Amino acid sequence: MMASGYNAKDEDGHIAVAGLGGGALRSRKPENTAFKQQRLPAWQPVLTAGSVLPAFFIIGLVFIPIGIGLYVTSSNIREFEIDYTGVDVSSPCFNCSQNFNWNSTKPCTCSIPFYLDQSYESNVFMYYGLSNFYQNHRRYVKSRDDSQLNGDPTELTKPSKECEPYAFHEHKPIAPCGAIANSMFNDSLELFYIDPNGTKVPVPLSSTGIAWWTDKHVKFRNPGGNPNLTAAFQGTVKPVNWRRPVYELDSDPENNGFINEDFIVWMRTAALPTFRKLYRVIQKRNGLMPTLPRGNYSLDVHYNYPVRSFEGRKRVILSSISWMGGKNPFLGIAYVSVGSVCFFLGVVLLFIHHKYGNRSSSADMSH
Amino acid sequence: MPWMSPLARIRDALAGQRARDKDLRNLVSNLPYEGLDKWKQPNRHFRNNGIKTTKYSVLFFIPMNLFEQFHRLANLYFVGLAILNFVPVVQAFEPEVALIPICVILALTAIKDAWEDFRRYKSDKKLNRLPCFVYSSKEKCFVEKRWKDVRVGDFVKVESNDIVPADLLLLYTSDPNGVCHIETANLDGETNLKQRRAVPGVCITVSNTDILLIIHAVIRTGCLGFSHPDLVLKQHLVYLKGGCTVRNTGYAVGFVVYAGHETKAMLNNNGPRYKRSRLERRLNIDVIFCILLLFTMCIIGSLGHYLWLESMPSVPLYLVPQTDGHLDTPSLSSFYKFFSMIILLQVLIPISLYVSIELVKIGQIYFITNDLDLYDEETDATIQCKALNITEDLGQIQYIFSDKTGTLTENKMVFRRCSIMGREYPHKENECVRRALKMYIYKIKILMFTKSLPPNQQETEVILDQKLLRQIRGTEKIDAYQDFFLALAICNTVVVSMATAKRLRSNPLDTLSSLVRRAGSWTRLRAPITSETSANDLTTQGQSVNQTGGQTCSLHVPPQGTAPAVPAGKLCYEAESPDEAALVHTAKAYGFVLMSRTPDSVTVQLPSGAQLRFEVLDTLSFDSNRKRMSVLVRHPISKQCILYTKGADYAIMELLETPYGEKQQKAIASDTQQHLDCYAKEGLRTLCIAKKVLCDGEYESWAVQRQHALAAMDNREQLIMDSAVQIETNLCLLGATGVEDRLQDSVPDTVMTLREAGIQVWVLTGDKPETAVNIGYACRLLEQDDLVINMSCKSKVRSLISNSQRKFPLYPEVRRYSEDPRNVDTTPDISLVIDGRTLTMLMSPDLRDRFVDLARHCRSVLCCRVTPLQKSEVVKLIREKLKVMTLAVGDGANDVNMIQAADIGVGISGQEGMQAVMASDFAISRFKHLKKLLLVHGHWCYSRLANMIIYFFYKNAANVNLLFWYQFFCGFTANAMIDHWLMIFFNLLFTSVPPIMFGIMDKDVSAEMLLGLPELYRTGQGKGEYSFFTFWISMLDAFYQSLVAFFIPYFTYRGSDIDIYAFGTPLNTISLFTILLHLSIEIKAWTIVHVFIILGSVTLYFIVTLAYGVRYLNYSGYWTLQAQMVDPMFYLVCLISTVIALLPRYLFHVLKNSITCSPIVEARHLDTLEPSTRDQWIKEWRSFRGRVQDKTSDVSASPPSELKPTQSSSELNIRLGLVLFCHI
């Protein structure tokens, strides 16, 4: 249309008025583009029983195998749990749990025997579990100084306000400051295999490789470049509840101070009040021997950590490793049931499609 | 500047204030004071001519804009929340972070305001810089100044085609008669020229500066007094309003009386109106529900926290004491937690909803204004959206109140028939010729591709009635006929301007005529195209008549005899009303050419070529009470005083001379009345022409009285009217004219479509019932088979109504009719015709309820002879009593009341000026545009916005509930498992654009379907898609989805070593996917933009979260998403949660689309078909419905199943028919 207009003007080019009239007033005519006229090519799906049928069957067919796979994987994971809180009088740790004092220098120890009726063939994760411990309490979560933990020397001596009231102790800065660090889990656990002949053979526990690599190497750093941690933490005091200062957490300099992996693991606050945290890894020693053969074991506990104040429980969990983490059949069941439901719905929709579908698609049929 | 004591300054300022406030204005010429300091200027208290319409200044923009924005309640709420963040005990997020959303929203609004203000500033600046000429006593001539430097008391010269800078008192014009023509298009859009006369007696020449110097004007509202040594006069004030354009006048000189913001133009400029749409009012109720919900949740949280604390045996390790080492008591702590919860869950109240709605509406308006179908080539006008925030109301209209003239009709009058001295001249050739002409014009349009045809072009196409022509030329009874046409030519206020005058508007006329002249073949057409050719035609015809008749009448002189000074073809008439123009053109076609008009005289060229100059003694202008106008002239030859009157038939008929035995007069009157009735039935607008010859004495005595009336200070209007009534008596009827006002393009179609869309169309017109009923039939407002109830005061209804104690008799009858089982599935086809006086009665308090009840049962209602006030009263009555959405459409000043009373006012920019357009919310150029505006844009805007708002509520609730569920597992400590930055980004970045896009671009049904099946419009009427029900369904859905999105991961990760943020990441991701996929289910039409934005949001989410996890070392959730993304569990959890969360809604949609029979769903099914198949469908379906309607008009109806047209397609038709009925 524009073109024809142009041509017409060309023909009558010598009519001055036409040119004037056309030129003086710029047309307000909207542009005829697909976007402006809302005529962009569009896909208009109509969700009807007929058109969504395949989706339901596909979901059903995909989800059920996934669910079965998950369920099988989960049931193949071996988990062994020992509650060593010592609530029962009969429990070996009952005494320790009753006479708790943060300041006692003499550690209370107790030993819990247990029997593994199946061996663990590959690497084993050893967790400690706490229940009813609200690491996700709002104030608790915030009570830390990430800059300090990242080795910022100024923050070391001037902890952030978030750490209050665990920032200073007797006018000296606390390192690491804050409630999370202060309440760090400090039971030490040792595992012994009891030979059939009765001797206690310690199971070697590896205390490294339990924290995230990025946490250990990027997020957490010891202050200064000083390899001597004692000097680096000069002028700070240990958190109130701690027995040892931060630079004496481990003898290995690569696992000491802020980059101590037990500490790092604790600092990743748990999402839910019942949680477990990786404590040690039991490495497979050689090809033939199982990591933990079946038999009697003894768990020796240096009982330091009080849980009675919040009716908490302490557990040790030995778990074999799989790609889906701990043993949890939930997801597998969920997948299988959703898959089945979808399949069933698919059948229902097929029925509906059969009954009403003619109505909806008669449009196609009529022509 | 000389020193002046502060006290004196204050006194001066106060005096200035008083001077401004008084309605008495004491103005002194500035000339003697030129060059003096400002404070010595006598007119210093008055504002200068600089205008400033901006709201803000650069310096104070931020505080002023903030102040403005905080007037909104919602913003105050958000600021209150932000302040709450800074209260330490609440310790929610980092307070600074909590400020971000409110700041972003305030900033967005501020940017919008600033941009608007900047545009105002630029237009102000442009206006203030315009040049004008101001007299300077130093230079002794007019010097160029800028507009803003003009002050009150200056003398300004305005040249032809210049715009008047301020309100001027016209003192002098270059015209010898002191007349100045102005065009007020800038003010009210009226393009006809108006005359203004310089103040008589002050006809000073510019050189005579002495007078200028001592002018001292005292102006009392509307009146002017000069105190001047020589002349003291009181006169009705003649302003040249600022903003007018001077035309056809060399130059004019005026005295500045009001300047700048005090000018009439600025005072009338009220800025845009703010209307609240119905949807927004409903929305506010739902926001209150949300607030209640929020409080409930916060109270639950607070109580939970209390119980949680109480349940502890002693102080656990993780309970962090206050800084000073003590712990709050549980009750105090839970009290604080209440506020923390509010901050945590604040998003439940959609903070960004208001801004999003505004953005969506801007987008919607963008699309409406860019619609090609709403563009009118002829006037080069698109639709204008004046109200920016009621677009969605367009989709809910239930009642349309329409004006007739200019709205349904073109308001381009064409002379059709006339009756002179009781004889009828039907002008039959008009009809067929016009048809040919229309075709021809269409061809020309295509050929030239010019944007407009000359407005006058239509008016000039008068085909002469041969018989009448012969009558004029051939009979002895010349006087009456001559008088008739003289009256047509004289009795009006038409201004003659030369086509050569520089007016852009008239260009197309020239174009057309030159083209016609060039294209020789066109002349073979019988249709005279322009006035020029018609004149030629006339003469040739006249000659042929002469030759055949063989006699020469005294009036007729061959055209080549005397060459008129101005060729008739070059005349250009500027009329105030199209009727007048049509009549003048008719007179011209018959040879009585109005040559020029000055306030004192009218020159008419007779068919003989002789020019008569009538002295105009007085003009009694038209008013709506008298419904007539008169011109009093002195005949140049006979020196008689003649009064020509023209007016509505009933206004004239009452005033006719009581004939004493003059049978002829009586017969003429009754014949004419007969003709008039006949004209009215044809839908013509009728006017009666009468004359009266006054003897000198009579005139003299009347003139004295008239002078008194004109000079009166009080009650002037009334006196002037009285004086007019006094002389307009004992008239002698000359004849009557019938002028056709043609229907606009596709008006019947539009009316039909609107009615099918469930909209009741009412026509409120000032015309007489016969004309209105006729137009009603023509535009299919009334059908031939309708039961038309005619209510007028003359019929017996009057007694029934006046006896209001009895039951309104019609109503039960009507109800019985509409409840008759045979008529159940049809729209009631009862129509009501009411005239103005009856309407007044019906509007009385005791009858109005019954009237409304009756009207509700009628399919269409026609109100005739209603006043503008009544129009608005009717609209208000229906709107309030029936609680319906109303739309008023009109084009003239008489529709302004109605337009403002309705929920939506639509103005039609037509022939009658711009008042209606200025008062309207939407301005269109054609009535037919209403169809697409309502059916397509209205439907879309409403459904888009309704769905968008529902989605917005859902989105925020779904997201924020995750946090709420988490409270049950963190001791109700108001902790969040998602980093607060990411939470803010979630609403601000990741999920904000898709709903806006959804609100602007979604299309549930295509435009073709909406136009093809008007019934679809009904979905929006009444409650529509946004109702109590839909809101709560979506809130329930939000709760369900958040439960799924929380508890699936919860059960998956329960008891594991997952940390807070690693737990929050899948939750957030699931939430994002659920929310976006939910939207995807809701989106009805996917375009590339949709895909791009949805995918973009997802991508943005991952990019930002990943980047945030890397960059921000202080973030406790460092590297969280990265760690999650290498874990297959993350994907498995996300997948299943999303599927479970969306399954119900998906299923709901599937079942709804498969089982139920909603018209929209049906239409969407049809939409998926190919266009050709679809069109056939629509056609078949419509024809089916047409048959159904036929059936219902036939009362002995057969059941619908017997209507099967052919067996093949019947099944389909029945189905569709049922679909529609089940909806109706």
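The Cβ shell under 10 Å around B:Asp749 holds other residues with a net charge of +2, Lys and Arg each +1, Asp and Glu each -1. With all protein chains in place and a 1.4 Å probe, the accessible surface of the range A:79-320 carries 51 percent carbon and sulfur.
Summed over both chains, the accessible area lost when B and A associate is about 9500 Å², using a 1.4 Å probe. Scanning residues 5 or more positions from A:Tyr279 or on other chains, those with amide H under 5 Å from its amide H are A:Met126, A:Tyr127, A:Tyr128, with H placed 1.01 Å from N in the peptide plane. Each Lys and Arg adds +1 at its Cβ and each Asp and Glu adds -1 at its Cβ; summed about the Cα centre, chain A shows a dipole of about 680 debye.
Pairwise alpha-carbon distances in the range B:986-1063 exceed 14 Å for 79% of all pairs.
Taking a Cβ cut-off of under 13 Å around A:His302, the surrounding Lys, Arg, Asp and Glu residues balance to a net charge of +1, with basic ones at +1 and acidic ones at -1. The phi torsions of the range B:869-883, fed into the Karplus equation with coefficients 6.51, -1.76 and 1.60 and a -60° offset, translate into couplings of 5, 4, 4, 5, 5, 4, 4, 5, 4, 5, 4, 7, 6, 8, 6 Hz, rounded to whole numbers, with Gly and Pro shown as x.
Peptide B:379-386 is shielded by partner chain Cβ atoms: per residue, an average of 2 of them sit within 10 Å of its Cβ.
Rolling a 1.4 Å probe across all protein chains gives A:Arg28 an accessible area of roughly 150 Å². With 30 Å as the limit, the listed pairs B:Lys148/B:Lys194; B:Lys194/B:Lys666; B:Lys646/B:Lys881; B:Lys386/B:Lys412 have B:Lys194/B:Lys666; B:Lys646/B:Lys881 beyond it between alpha carbons.
Across the range A:79-320, Cα pairs under 8 Å and at least six residues apart give a relative contact order of 40 percent. In plain terms, the chain from B:Asp380 to B:Thr867 could stretch by 172.1 nm, reckoned as 0.36 nm per residue minus the Cα-Cα distance. Compared with the dominant Cα axis of chain A, that is its longest principal axis, helix A:330-366 is turned about 10°. Summarising the amide proton neighbourhood of B:Leu731: residues at separation of 5 or more, or on other chains, whose placed amide H is nearer than 5 Å comprise B:Leu656, B:Glu657. Three semi-axes describe the equivalent ellipsoid of the range A:79-320; taken as square roots of 5 times the Cα gyration tensor eigenvalues and ordered largest first, they are 32, 21, 16 Å.
Between A:Asn256, A:Asn150, A:Asn197, the Gaussian network model of chain A with springs among Cα atoms under 10 angstrom shows the greatest mean-square fluctuation at A:Asn197.
If each residue of separation counts as 0.36 nm, what is the full-extension length gain between A:Lys161 and A:Asp300 once their alpha-carbon separation is subtracted?
46.1 nm
Relative to the dominant Cα principal axis of chain A, helix A:49-76 is inclined by about 10°.
Listed values for the range B:390-395 are Karplus-derived 3J(HN,Hα) couplings in whole Hz (6.51 cos²θ - 1.76 cosθ + 1.60, θ = phi - 60°), namely 10, 4, 6, 5, 4, x, and x replaces Gly and Pro.
For A:Met184, B:Met64, what's the largest-to-smallest order of accessible area, 1.4 Å probe? Write down the numbers at each step before the final one.
On the way: A:Met184 20, B:Met64 75 Å².
So, going from the largest accessible area down, we get B:Met64, A:Met184.
Scoring A:292-301, B:869-878, B:1011-1020, B:663-672 by mean Cβ neighbours within 10 Å over their residues and listing the highest first yields B:1011-1020, B:869-878, A:292-301, B:663-672. How high is the FRET efficiency between B:Asp745 and B:Ile291 when r is their beta carbon distance and R₀ equals 41 Å, given to the nearest 0.05? Efficiency, rounded to the nearest 0.05: 0.20. Taking amide H as placed 1.01 Å from N in the peptide plane, B:Tyr251 has its amide H under 5 Å from the amide H of B:Ser174, B:Asp175, each at least 5 places away in sequence or on another chain.
Which FRET efficiency value, to the nearest 0.05, is calculated for B:Gln466 and B:Ser670 with the Förster distance at 25 angstrom and r the Cβ-Cβ distance?
The computed FRET efficiency comes out at 0.40.
Remark on the range B:969-991: accessible area falls by at least 10 square angstrom from chain-alone to full-complex state for B:Phe969, B:Cys970, B:Thr973, B:Ala974, B:Asn975, probe 1.4 angstrom.
Of the cross-linked pairs A:Lys161/A:Lys277; A:Lys200/A:Lys284; B:Lys404/B:Lys1023; A:Lys216/A:Lys277; B:Lys467/B:Lys639; B:Lys126/B:Lys275, those separated by over 22 Å at the C-alpha level are A:Lys161/A:Lys277; B:Lys404/B:Lys1023; B:Lys467/B:Lys639; B:Lys126/B:Lys275. Counting only protein heavy atoms and a 1.4 Å probe, the range A:79-320 has 43 square angstrom of accessible area per residue. The Cα atoms of the range B:895-965 cover 64, 22, 14 Å along the three principal axes, with the biggest extent listed first. For the range A:253-286, a drop of 20 Å² or more in accessible area on going from the chain alone to the assembled protein chains (1.4 Å probe) is found at A:Arg268, A:Thr269, A:Ala271, A:Leu272, A:Thr274, A:Arg276.
The values are calculated or read from the model by the stated rules, or taken from the named source; none is laboratory data. Since the structure is predicted, the reported quantities are computational estimates derived from the model, not experimental observations. All Cβ positions, glycine included, derive from the backbone under ideal geometry; neighbour counts span all protein chains shown. What goes into the accessible areas is simple: the full protein's heavy atoms, side chains included, and nothing from ligands, DNA or RNA. Shrake-Rupley method; radii C 1.70, N 1.55, O 1.52, S 1.80 Å.
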